[in-house]
1. Would you pick out the residues in the range B:30-47 that are within 19 Å of residue B:81 (Cα to Cα) and open to solvent by 90 Å² or more (accessible area, probe 1.4 Å)?
2. Among the candidates B:119, B:96, B:50, single out the residue that is within 14 Å of another protein chain (Cβ to nearest Cβ), farther than 30 Å from residue A:94 by Cβ and in a loop (DSSP other than H, G, I, E, B).
3. Scan the range A:109-132 for residues that are out of contact with any strand residue (DSSP E or B) (no Cβ under 7 Å at 6 or more places or on another chain) and either modelled with pLDDT of 95 or more or within 15 Å of residue A:76 (Cβ to Cβ) (or both) and jot them down.
4. Quick check on my filter: what residues within the range A:57-97 are farther than 23 Å from residue A:114 by Cβ and within 19 Å of the chain's Cα centre (by Cα)?
5. Among (1) in contact with a helix residue (DSSP H, G or I) (Cβ under 8 Å, 6 or more places away or on another chain); (2) farther than 25 Å from residue A:76 by Cβ, where does residue B:18 come up short?
6. State the number of residues belonging to the range A:74-91 that are more than 9 Å from chain B (Cβ to nearest Cβ) and in a helix (DSSP H, G or I).
7. Checking the structure you have, find out if any residue of the range A:128-139 is open to solvent by 70 Å² or more (accessible area, probe 1.4 Å), under 30 Å from residue B:127 (Cα atoms) and β-branched (Val, Ile, Thr).
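The values are calculated or read from the model by the stated rules, or taken from the named source; none is laboratory data. Small disclaimer: the values here were computed from a predicted structure and weren't measured. Reconstructed Cβ throughout: ideal geometry from the backbone, glycine too, with neighbour counts over all protein chains shown. Accessible surface is based on the protein model in full, side chains and every heavy atom, while ligands, DNA and RNA are left aside. Shrake-Rupley method; radii C 1.70, N 1.55, O 1.52, S 1.80 Å.
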Amino acid sequence: MVVNTSGPVVHEPNLAKIAAACGYCPQVRGYEASATLICKLSLAYSAFMVDVFRALDDQTRRLVLDELSVRDGQTLFEICSTLTMRHGLSLTRQAISQHLGVLESAGLVVTERRGRSKFHYFSPEPLAEITARWPTRKRIQQ
Amino acid sequence: MKIALTSVFVDDQRAALAFYTEVLGFMKRRDVPLGDNFWLTVVSPESLDGPELLLEPSDHPAVKPYRDALVEDGIPLAQFAVDDIEAEHARLIGKGVVFTQPPTDIGAAVVAVFDDTCGNLIQLIEEKLHATDEDVR
């Protein structure tokens, strides 16, 4: 998780509730939620989750993650060609590059330079944070 | 009109000739001194009268930023056709060639991309010619 301590922008109206509910911030948990008790980690966490959901809210970006989970470590050229040839998407290279930028800023894609080329890797950690917050195990029947 | 010659910029013409002949298997066609450099071309042994590939010196200042940007994004500069891409991939890996993309099925063809050690990425393609035959029947 990337923690932005310089004051991230969060759009939720009631930050105190979010910070108290998320349960990931020991400085808030167990306290009466109030604006003065919101630590910056909680704010960063909320902003981070917003980025992840926004990144996933797009068919092309989900297809990019599909392709990377089939074969990890692809160049921009390879991602463009598979999206075009396998999925019939006729997007410009610039558009796909921007989609990759959104995925990267949400932490869902990381890049690594090997030799002179840049490779994109699927990073599932943000998804693990979602299942940690909302566990996917079956509910116990009452 | 027909395409008789195309070119790739290479860092070192002699090293490029060695790679394109000894590793890839092309044949030297022309090697003419030209100032400090050479008019140096290769052809495929499968089509000796086919298009020549010029191994062009890369000393022009525009070449480096142009190639760096393309290689960073994994964009190949030329495409060579092969009959069996898996066999060719294995053969080149055996010779120490580095691939940025292993053989990948893209529907109408299987493609792969490798580093030519001279500053370029090159795409290999095996076209699925039989797919259309199936469709016709």
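1. Within the range B:30-47, the first condition is being within 19 Å of residue B:81 (Cα to Cα), and the residues that meet it are B:41-47.
Scanning the range B:30-47 gives a single hit, B:46.
2. B:96
3. From the range A:109-132, those out of contact with any strand residue (DSSP E or B) (no Cβ under 7 Å at 6 or more places or on another chain) are A:113-114, A:116, A:124-132; that's our starting set.
Within the range A:109-132, A:113, A:114, A:116 meet the criteria.
4. Result: A:57, A:58, A:59, A:60, A:61, A:62, A:63, A:95.
5. It fails just one condition, (1).
6. First pass over the range A:74-91, keeping only residues more than 9 Å from chain B (Cβ to nearest Cβ): A:83, A:87-91.
Checking which are in a helix (DSSP H, G or I) leaves us with A:83, A:87.
Within the range A:74-91, residues that are more than 9 Å from chain B (Cβ to nearest Cβ) and in a helix (DSSP H, G or I) number 2.
7. No, there is no match, as no residue in the range A:128-139 is open to solvent by 70 Å² or more (accessible area, probe 1.4 Å), under 30 Å from residue B:127 (Cα atoms) and β-branched (Val, Ile, Thr).
Rundown of residues vs (1) surrounded by fewer than 18 Cβ atoms within 10 Å (Cβ to Cβ); (2) modelled with pLDDT of 95 or more, yes/no style:
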residue	(1), (2)
B:52	no, yes
B:62	yes, yes
B:66	yes, yes
B:80	yes, yes
B:83	yes, yes
B:93	yes, yes
B:96	yes, yes
B:99	yes, yes
B:105	yes, no
